[in-house]
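The values are calculated or read from the model by the stated rules, or taken from the named source; none is laboratory data. Everything numeric here is computed off the predicted structure, so don't read it as measured data. Positions of Cβ are generated from backbone atoms using ideal geometry, with glycine treated the same way; all protein chains shown enter the neighbour counts. All accessible areas refer to the heavy atoms of the entire protein, side chains included, with ligands and DNA or RNA removed. Shrake-Rupley method; radii C 1.70, N 1.55, O 1.52, S 1.80 Å.
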Amino acid sequence: MRTLIQNGTVVRSEGIQRADILIENGFIKRVATSITQPADEVIDAEGKLVFAGFIDTHTHFDLDLGVTITADNFVTGTRAAVLGGTTTVLDFATQDRGTTMQDALDLWHKKAEGSSCNYGFHMAISEWNGERAAEVERMVAQGVTSFKMYMVYDAMRLNDGEIYAALKHMNALNCVAGVHCENYDILNERIHELNSEGRRSPAAHPLSRPNEVEAEAVARLMRIAQLAKTPAWVVHLSTKEGLDEVRRARARGQEVYLETCPQYLVLDDTCYSQPDAEKFIMSPPLRKPADEDRLLSAMGDGEIDFIGTDHCSFMMSQKALGGGEFSKTPNGCAGVQNRPQLIYTYGVKTGRITLPQMAALLSENAARLFGMYPHKGALLEGADADVTIYDPEGRGVISYKTNAHHCDNSPYEGMKVSGRISDVLVGGASVVRDGKLVREGAGRFVFRRAAQRYRA
Ligand code: URP
Ligand code: ZN
């Protein structure tokens, strides 16, 4: 089977080039100024931008929080992902206490059956001991080379000593580990203070976790990683103060990778005074316009590595399980479909980042750090034919009504976006044509190799 993408503008981190792309049996066969070989399928990409398929570094599909399960599972979540131009998601397989990483991995493989985009798993761990340490090598042998640790959540949190030991052990096996950075003791104390003042509504959520709560935890992680002599990776960075701590660590010579999310770039904490404020309850919370501005500048300056959505969707009825109390409301929001359009609109169109930076932030950097490059994240001969074609002339308005998410709300409801996803190929198969889903279930597990630590 041969597919030819003709007349497109190919966007890569190193630059922009007008080129044709020939795909054969799921792989990129040739990239050249003009390809005239016959093909079974021809896609005319005149006037459109052709990217290596986008990679979402942070999703939570089918995650059981105990009180409730996320609204999107892999079938609905990955359907929305491909419609939004994402060809690979890295979801967090979650090892609950009393279970093994192998249990979590087996379970996540089952959950992911029927996915419409490719998927890999970071392993989120909830405890650190000799047994878990022994499992890391077994995860690597099964294509899982990245891990996550939480400084928060009673059921998940690790203490600083455990994080230090885990970082050392994982690094010795060429793995990377991301950390959710918030000071849990302080945020709990602040929740207690706010509750005792009767401030329980969503408006109090950002007050319980002010910028310093993230910045202190980021600073602590930087020092833990420095002592462990390992790289550090901060997941969903949301504050300018957290960014400053990373700058200090990098200035000391530390190797730090940074993820942020669209919600921390385009939404702010005034959302918590809206009538449907529960839908914005997430951790970390939405911040101030000054934080958004600093993170956008940091993207333009090459300080941010990749953008994940932290897609963790709940219906409004699930959000209501908190009874209107912010500290009891399930945390998380929907967004896996909207990331490329938001980054194009609020990053590229506003001049904060260039198109090549968009390619790096949405695909290439993640492919490198998470052991998928150059099979993914690259429009190179021999790479997997995961391709996203973006029509910059398109226009849209984000709404939960038109999103394919299985979710009756969107934090981005009513926001205007420039450009639209035109065509998407996963492993050489057309899954989206002219904005419409034409094939489901084309996704495959991505067996990942050692991290390519490009900031080392
Ligand atoms: O509020 C969020 N982000 N929920 C998802 C879990 C996490 O902390 O990443
Ligand atoms: Zn998350």
- Query: Quick one: Cα centre-to-centre distance for segment 395-456 and segment 268-319, in angstrom?
  - Reply: 19
- Taking only Cα atoms, what is the 0 to 90° angle, nearest 10, from helix 289-300's long axis to the longest principal axis of the chain? 40
- Query: Tell me, what is a quarter of the convex hull surface for the C-alpha atoms of segment 54-191, in nm² with one decimal?
  - Reply: 8.9
- How many angstrom separate the Cα center of segment 345-385 from the Cα center of segment 98-120? 25
- Task: Mind jotting down the three principal axis lengths of segment 167-217 based on Cα atoms? Whole angstrom, largest first.
- Result: 49, 16, 15
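For K416 and R248, what does the FRET efficiency come to when R0 = 35 Å and r is the distance between their Cβ atoms, rounded to the nearest 0.05?
0.40
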- Could you list, bin by bin from short to long, the percent of Cα-Cα pairs of segment 13-103 in 5 Å steps? 3, 10, 15, 16, 14, 12, 9, 8, 7, 5, 2, 0
- Query: Seen from all sides and averaged, what is the projected area of the convex hull of the Cα atoms in segment 139-293, in nm²?
  - Reply: 10.0
- Against the longest principal axis of the chain, how steep is helix 211-228, in degrees 0 to 90 to the nearest 10, with axes from Cα atoms? 80
- Query: How much length is gained if the chain between F445 and A134 is pulled fully straight, taking 0.36 nm per residue apart and subtracting their Cα-Cα distance, in nm to one decimal?
  - Reply: 109.6 nm
- Surface per residue (accessible, 1.4 Å probe) for the chain, Å²: 36
- Query: trypsin sites (Lys or Arg not before Pro) within segment 85-130: which are DSSP loop residues with at most 15 other Cβ atoms inside 10 Å?
  - Reply: R97
- Per residue and in cubic angstrom, what volume does the convex hull of the Cα atoms of segment 53-369 have? 122
- Query: Give me the Kirkwood hydrodynamic radius of segment 335-456 in Å, from all C-alpha pairs, to one decimal place?
  - Reply: 15.8
- Query: Scaled to the compact-protein estimate 2.2 N^0.38 Å, what is the alpha-carbon radius of gyration of segment 234-307, rounded to two decimal places?
  - Reply: 1.15
- Sum -39500 (n - 2.57) across every DSSP H segment of at least 4 residues in the chain, then divide by the residue count to get the 222 nm mean residue ellipticity, nearest 500. -8000 deg cm²/dmol
- Carbon-plus-sulfur fraction of the accessible area of the chain, 1.4 Å probe, in percent? 49
- Pairing the Cα long axis of helix 160-172 with the longest principal axis of the chain, what angle in degrees results, from 0 to 90 and rounded to the nearest 10? 30
- Query: Remind me, relative contact order of the chain in percent, using alpha carbon pairs under 8 angstrom and six or more residues apart?
  - Reply: 22
- Message: Tell me the net charge near Q95. Cut-off is 9 Å between Cβ atoms, Q95 excluded, with +1 for each Lys or Arg and -1 for each Asp or Glu.
- Response: -2
